[in-house]
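J.: Next up is a structure, given as structure tokens.
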Amino acid sequence: HVLRLLFSKLAGPLLSYVTEEVTPIVKVCNTGLFRTFINLLTAMLDNFAEVKAESNSEILMERLVLFCLVWSLGGLLPPHQQQHFSDMVKSLTSCLPEYTDNTVYDYYVDEAGEWDSWYNLIPEAMVEQLDHFVENIDTTRTYYLMHLAAVTNQNILLTGPPATGKTNIVNRFLRAPDKANYVTRTLVYCENTKPTLFQEVVEHTIVHRQGSNYGAPQGKRLCLFVDDM
């Protein structure tokens, strides 16, 4: 019931705005946008199961729905259009942090179910010694959203201009999964890479399980990073 009310209040107007008033960086159909929303919300509800039982569940639910709508319907908007989308969200709800210069893209729902700044998730002076990779708000948000996608076993397409840390983010992400449950492989792809190479990498990583089913050895999950397409 709560979700139905929130959908009627928020999702419809925001979808109309995204499809009619602005131009996303990557064109995604309405079904894809809502599928992304559902996947994000599924992961968030799983993370906040205990908090939901201890707090005002309706307020928490609205915060989670807002967060997921921002990063599904509004996640593909260019920076100059994000401010307008943020203003649109603010006009539809009072369940947001009080911000002036900041936008809805500057906040996430923390472990206590409260709004918090992404800056508080950035480790202090975190530097990867091998590649001299320094965390910032963009890499922190991307890593967080990738984790939510992985929780619901979704494929991830990470896009962006050169030299923005995409490969470093994915490599960090690949180091995080439980080695007891995941097998990770990386394939460096370029214009000279043949389809047969991709097939060989996959075939050498998986085993025959049963019937027409194939997968990583010992019942593990395969996480394959193609860098880049």
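J.: Taking H as built 1.01 Å from N, whose amide H comes closer than 5 Å to the amide H of residue 221, not counting residues under 5 places away?
T.: Under 5 Å from the amide H of residue 221: 182, 183.
J.: Next question, about the same structure. Looking at the calculated P(r) for the stretch 98-229, what percent of the C-alpha pair distances fall above 25 Å?
T.: The answer is 39 percent, as a whole percent.
J.: Taking only Cα atoms and a 10 Å spring cutoff, compute GNM fluctuations for the chain and point out the largest among 15, 92, 40.
T.: Judging by the Gaussian network model, the answer is 92.
J.: Just the Cα atoms of the stretch 146-188: what Rg and Dmax do they give in Å?
T.: 11.3, 34
J.: Suppose all protein chains stay in the model; what accessible area per residue would a 1.4 Å probe give for the chain, in Å²?
T.: 61
J.: Compute for the stretch 2-93: radius of gyration divided by Kirkwood radius, i.e. Rg/Rh, restricted to C-alpha atoms, rounded to two decimals.
T.: 0.98
J.: I would also like to ask the following. How large is the convex hull of the C-alpha atoms of the stretch 160-211 per residue, in Å³?
T.: Considering the Cα atoms of the stretch 160-211, their hull volume per residue is 119 Å³.
J.: Quick check: at a probe of 1.4 Å, how many percent of the accessible area of the stretch 1-90 sits on carbon and sulfur atoms?
T.: The computed percentage sits at 55.
J.: Looking at the chain, how many pairs of lysines come closer than 26 Å at the Cα, when each pair is eight or more places apart or spans two chains?
T.: 10
J.: Here's a follow-up. Please turn the phi angles of the stretch 184-195 into ³J(HN,Hα) values with the Karplus equation 6.51 cos²θ - 1.76 cosθ + 1.60 (θ = phi - 60°), one per residue in order, whole Hz, x for glycine and proline.
T.: These are the phi-based 3J(HN,Hα) values: 10, 9, 10, 10, 7, 10, 9, 5, 8, 6, 8, x Hz.
J.: Assigning unit charges at the beta carbon (Lys, Arg +1; Asp, Glu -1) and nothing else, what dipole magnitude in debye, to the nearest 20, does the chain show about its Cα centre?
T.: Result for the chain is approximately 980 debye, rounded to the nearest 20.
J.: Which one, 191, 20, 135, has the greatest fluctuation when you compute a Gaussian network model over the chain with C-alpha springs under 10 angstrom?
T.: Looking only at 191, 20, 135, the largest GNM fluctuation is found for 191.
J.: Can you give the longest stretch of the chain with no exposed loop site, where a site means trypsin sites (Lys or Arg not before Pro) in a DSSP loop (not H, G, I, E or B) with at most 10 other C-beta atoms within 10 Å?
T.: Result for the longest clean stretch: 28-178.
J.: Here is a further query. Starting from the exponent 0.38 and prefactor 2.2 Å, build the expected Rg for the chain from its residue count and divide its actual Cα Rg by it. Before the final figure, lay out the partial values.
T.: Numbers: Rg = 19.5 Å, N = 229, 2.2 N^0.38 = 17.3 Å.
Normalised Rg, Cα atoms only: 1.12.
The values are calculated or read from the model by the stated rules, or taken from the named source; none is laboratory data. Remember, predicted model here, so these are calculated numbers, not experimental data. Note: ideal-geometry Cβ built from the backbone for every residue, glycine included; neighbour counts use all protein chains shown. The area values use the complete protein model at the heavy-atom level, side chains included, leaving out ligands, DNA and RNA. Shrake-Rupley method; radii C 1.70, N 1.55, O 1.52, S 1.80 Å.
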